[in-house]
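The values are calculated or read from the model by the stated rules, or taken from the named source; none is laboratory data. None of the values given here were measured: they were computed from a predicted structure. Glycine gets a Cβ as well: all are built from the backbone with ideal geometry, and neighbour counts include every protein chain shown.
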Amino acid sequence: MARKSLQVLVGLVLLLLIAACAQRPPVPLSSSIAAPADGRAWTVFVTSNGFHSAIVLARADLPAGRLPETGDFPQSRFFEFGWGDAEYYPARKTTVGMALRAALLSTPSVVHLAGRVHVPVPQPPDFEVVRLALDSGAVARLVSFIEATFARGGKARAEPSGPGLYATSLFYPAHGRFHLGNTCNTWTARALAAAGLPVEVEGTTMAEDLMSQVRPLTTIPTE
């Protein structure tokens, strides 16, 4: 009986870790709250719904000619980037089998790119937004990391692999293998570390592992 209970517990933990990178944000992308009139340059947003994390960049802050996939969303002022398992993350209906494959195997990955009209804002109780003020060099390094995540197959830009989670989003093939030690939150941590922020990548698998490190960084000065 004890062994069976342990197996159930392990199964639940595995499912929780996989679900961490497939949760839909509880707030719509078309929030009615517009960006502040005195919006700051070089502001990067890290979002979390308690399970899944993502990075949001302003179109105005993207270096010219970089991240050409954003051209698929010409009306968007902000872009949200997330990463996860190629089968489970895009699935409209998920199954235990999908979760177990992602949990127990090293699986292909995708980038989820969503266009936003408005700046992301917190939405209690679960949707958290942390603003990070970065200098231009940090932003360039962050963009380079995100750009390198797209699997373009030698082409100038990646072709969408399928519809996204919202009307204004798409999935794209990505580099990197998803597994329990390399979740969406690990990817976000790695992106921020690449930008030069003091974020530990190893051991960052759950959203709170990431956000507990990111919250204190809101005082980083701009250039």
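For ASN49, the conditions (1) in contact with a Phe, Trp or Tyr (Cβ under 6 Å, 6 or more places away or on another chain); (2) under 21 Å from PRO173 (Cα atoms) are fulfilled apart from (2).
Would you check which residues across the stretch 37-60 are among the charged types (D, E, K, R) and under 18 Å from the mean Cα position of the chain (by Cα) and list them? Show your work before the answer.
Taking the stretch 37-60 as the starting set, the residues that turn out to be among the charged types (D, E, K, R) are 38, 40, 59.
The one that is among the charged types (D, E, K, R) and under 18 Å from the mean Cα position of the chain (by Cα): ARG59.
Number of residues in the stretch 128-140 that are in a helix (DSSP H, G or I) and crowded, with 18+ Cβ neighbours inside 10 Å equals 2. Looking only at the stretch 84-91, decide whether some residue is surrounded by 17 or more Cβ atoms within 10 Å (Cβ to Cβ), free of Cβ contacts under 8 Å to residues at least 60 places away in the same chain and outside any loop (DSSP other than H, G, I, E, B). The answer is no; no qualifying residue exists. Here is a check on your reading of the model: is SER169 over 18 Å from SER106 (Cα atoms), buried (at least 21 other Cβ atoms within 10 Å of the Cβ) and in contact with a Phe, Trp or Tyr (Cβ under 9 Å, 6 or more places away or on another chain)? Yes, satisfied.
Which count do you get for residues in the stretch 45-83 that are under 17 Å from ALA207 (Cβ atoms) and surrounded by 19 or more Cβ atoms within 10 Å (Cβ to Cβ)? Before the answer, list the steps.
Narrowing the stretch 45-83 to residues under 17 Å from ALA207 (Cβ atoms): 45-56, 80-83.
Then keep just the ones that are surrounded by 19 or more Cβ atoms within 10 Å (Cβ to Cβ); that gives 45-48, 51-56, 80-83.
Qualifying residue count, the stretch 45-83: 14.
Please name all residue pairs, on different chains or six or more residues apart, with Cβ atoms under 8 Å, provided the first residue is in the stretch 209-222 and is exposed (fewer than 11 other Cβ atoms within 10 Å of the Cβ) and the second residue is of a type in the set (A, V, I, L, M, F, W, C) and at pLDDT below 95. Correct list of pairs: PRO221/ALA133.
Determine if the stretch 94-109 includes at least one residue that is under 21 Å from ASP72 (Cα atoms) and surrounded by 14 or more Cβ atoms within 10 Å (Cβ to Cβ). Yes: the stretch 94-109 contains one or more residues that are under 21 Å from ASP72 (Cα atoms) and surrounded by 14 or more Cβ atoms within 10 Å (Cβ to Cβ).
Considering the conditions (1) in contact with a strand residue (DSSP E or B) (Cβ under 8 Å, 6 or more places away or on another chain); (2) surrounded by 16 or more Cβ atoms within 10 Å (Cβ to Cβ); (3) part of a helix (DSSP H, G or I); (4) of a type in the set (A, V, I, L, M, F, W, C), PHE145 is excluded by exactly one of them, (1). Taken over the stretch 177-191, the criterion of being in contact with a strand residue (DSSP E or B) (Cβ under 7 Å, 6 or more places away or on another chain) and either within 17 Å of LEU67 (Cβ to Cβ) or crowded, with 24+ Cβ neighbours inside 10 Å (or both) is satisfied by PHE178, CYS184, ASN185, TRP187, THR188, ALA191.
Each residue in the stretch 157-184 was checked for being modelled with pLDDT of 95 or more and over 19 Å from SER53 (Cα atoms), and 7 pass.
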